[in-house]
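Report on one structure; see the data block that follows.
Derivation of every value follows stated rules applied to the coordinates shown; laboratory data play no part. Keep in mind it's a predicted model, so treat the numbers as computed, not measured. Positions of Cβ are backbone-derived with ideal geometry, glycine not excepted, and every protein chain shown enters the neighbour counts.
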Amino acid sequence: TRRVRTRDLLAAKERGEKWSMLTSYDQYTASIFDAAGIPVLLVGDSAANNVFGYETTLPVTAEDLLPLVRAVVRATRQTLVVGDLPFGSYEEGPTQALRTAVRFMKEGGCHAVKLEGGQRYAAQIEAIVGAGIPVMAHIGFTPQREHTIGGYRVQGRGETADEVLADARAVAAAGAFAVVLEMVPGEVAKRVTAELPIPTVGIGAGPETDAQVLVWQDMAGLRTGKAPRFVKRYAALADTLDEATRRFADEVRSGQFPAPEHTF
Ligand code: KIV
Ligand code: NA
């Protein structure tokens with residue numbers, strides 16, 4: 001077995017084969033997802049929320065993310081690992097963007113990078129791609145702009161659909177190998193997917209994209225509480241872990257653990 005390449009994802013689109021992507025931030029989840037055949041793992045800046053406990057993705061830095069990227073790369077054999085460029089690490093221009101992307105490739109060892117933005121960041125995408133680094137774009141709702149957007153809101157409803165389409169065209173023209181469509185109407189995602197030569201990866205974008213991505217703690221039910229509408233929970237890890245934790249504490253209290261077989 002070899003690592004998935006960006007050209008494999010393009011070939012999958014041409015064959016009409018859908019694929020999945022998950023976030024991962026550590027070695028155990030990475031190796032499980034890798035063995036399960038998930039072709040692409042994203043070390044997302046959503047580590048801000050899901051690892052570091054911040055309210056938004058804005059505070060997380062390259063210094064925070066790079067060790068997580070290294071862990072995921074080390075734990076995988078087949079998966080293409082994408083490192084997410086954090087807020088503040090690419091907006092200034094192509095030079096800053098390329099510098100950060102090179103850091104992710106050299107220090108993180110990932111196989112591609114992702115950044116948020118469409119037409120506005122086409123120059124950044126071009127510069128990174130020009131240096132031989134594959135770029136995954138991310139349009140529609142982009143969490144790093146949530147203060148401007150005014151919260152988690154569906155993008156591309158009504159007349160603004162053309163904006164999403166223009167962003168999609170711009171990132172494809174700039175050389176992105178794939179594009180995440182976050183929280184856009186299913187109809188818009190369908191149009192973008194039909195028109196673009198590159199794979200679309202949906203999150204809250206309906207069933208017509210070439211691929212689907214979820215944050216792994218959402219997919220596996222480790223995060224509890226009200227989830228966004230686009231989340232489906234495939235397990236209840238929070239309950240499993242809660243139960244294990246309480247049993248461990250109970251057995252320590254009662255003297256049931258450790259037993260003779262755990263004792264030297
Ligand atoms: O950081 C992240 O988790 C993401 C995905 C949801 C696409 O950008
Ligand atoms: Na992200």
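GNM on the chain, alpha-carbon springs under 10 angstrom: the most fluctuating residue among T79, T100, T23 is T100. For the chain, the share of DSSP beta bridges that are antiparallel, to the nearest 5, is 5%. The dipole here belongs to the chain: it is taken about the Cα centre, uses +1 on the Cβ of Lys and Arg and -1 on the Cβ of Asp and Glu, and is about 520 debye.
Modelled this way, with points 7 Å down the Cα-to-C-beta line, the labels at D250 and E92 are 5.6 nm from one another. Which residue fluctuates the most in the chain, going by a Gaussian network model with Cα springs under 10 Å, if the choices are R246, R70, R169? Highest fluctuation among the options: R246. Only lysine pairs 8 or more places apart or on separate chains count here, and in the chain those with Cα atoms under 28 Å apart total 13.
Note on A11 and E195: with the Förster distance fixed at 22 Å, the Cβ-Cβ geometry gives a FRET efficiency of about 0.70. On a 0 to 90 degree scale, rounded to 10, what angle separates helix 237-254 from the longest Cα axis of the chain? That works out to roughly 20 degrees. Angle of helix 161-173 to the longest C-alpha principal axis of the chain, folded into 0 to 90 degrees and rounded to 10: 90°. Our coupling estimate for the stretch 91-102, obtained by passing each phi through the Karplus curve with A = 6.51, B = -1.76, C = 1.60 and θ = phi - 60°, is 5, 5, x, x, 5, 5, 4, 5, 4, 5, 4, 4 Hz, Gly and Pro reported as x. Report summary: the helix-based calculation at 222 nm, which adds -39500 (n - 2.57) for every DSSP H run with n ≥ 4 and divides by the residues of the chain, gives -11500 deg cm²/dmol. Were the residues from Y152 through D239 laid out at 0.36 nm apart, the gain over their Cα-Cα distance would be 28.6 nm. Where in the stretch 115-131 does the amide nitrogen come within less than 16 Å of the point 7 Å from the Cα of V102, taken along Cα to Cβ? Only 124-131 pass the distance filter.
Each other residue within a Cβ distance under 13 Å of L65 adds +1 if Lys or Arg and -1 if Asp or Glu, for a net charge of -3. Convex hull volume per residue, computed on the Cα atoms of the chain, equals 150 Å³. Panel order for L80, L10, by other beta carbons found within 10 Å of each beta carbon, from fewest to most: L10, L80. Within the shell of other residues whose beta carbon sits under 15 angstrom from the beta carbon of E14, the net charge comes to +1, with Lys and Arg scored +1 and Asp and Glu -1. Remark: the E159-R74 segment gains 26.1 nm on full extension, using 0.36 nm per residue and subtracting the alpha carbon distance. Averaging the sequence gap over all C-alpha pairs within less than 8 Å and six or more residues apart, then dividing by the number of residues, gives the stretch 6-233 a relative contact order of 17 percent. Each part gets one Cα centre, and for the stretch 133-166 versus the stretch 212-233 those centres are 20 Å apart.
Give, as ranges by residue number, the residues of the stretch 183-222 whose backbone N falls under 18 Å from the point 7 Å along Cα→Cβ of R169. Answer for the stretch 183-222: 188-200.
What is the local net charge at V231, summed over the other residues whose Cβ is closer than 11 Å to its Cβ (Lys, Arg +1; Asp, Glu -1)?
On the way: positive: R223, K226, R229, K232, R233; negative: D218.
Result for the neighbourhood of V231: +4.
Each residue in H138, H262, H111 was given a count of other beta-carbon atoms within 10 angstrom of its own, and listing them fewest first yields H262, H111, H138.
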